[in-house]
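**Q** Mind looking over this structure? Questions follow.
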């Protein structure tokens, strides 16, 4: 697979729009998370559009970008994936987000309606989520080895330990015959 200049442009833009952000509770630049998500997408057979969307998956909720601003730079396919990875409902940058549990519960419930292109980025995003103690384990059960399970995470998310990403995704993939 050939990488086009678009990927480099996305990496530079992601660094610019997240430059002053750090991983939650750590001095580590936030770009490390975005690069990690993108790397997992590439390694799991994702397309360049998916890898670009992985770099930009927090651009709407954490960097003040919009679907339109992303589509203008990288096209609507990338912007659609980024929008599918967004768990907030128009929270302004720096504004108060809804409680974590509410956002994540609603987001996980929405996964069975998301296209496969977005699910690969979502799986990679959850795998590299800050504060996780038991990482999302990516299984080779879906086309291109796409999704795994959320076995539990630390901090306030301990309240949703039984919430499993694989259970949220299985109905959609059972219909396609991808999950036994």
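**Q** Find how much the distance from residue 24 to residue 72 grows on full extension, using 0.36 nm per residue of separation minus their present alpha carbon separation; answer in nm with one decimal.
**A** Using 0.36 nm per residue and subtracting the Cα-Cα distance, I get 14.3 nm.
**Q** Could you please state, rounded to a whole Å, how far the C-alpha centre of the stretch 60-80 is from the C-alpha centre of the stretch 1-37?
**A** 15
**Q** Sorting check: for 19-32, 74-87, which peptide has the highest mean count of neighbouring beta carbons within 10 Å, and how do the rest follow?
**A** In descending order of packing, they fall as 74-87, 19-32.
Coordinate-derived values only; no laboratory data. These numbers come from a predicted model, not from an experiment. Note: ideal-geometry Cβ built from the backbone for every residue, glycine included; neighbour counts use all protein chains shown.
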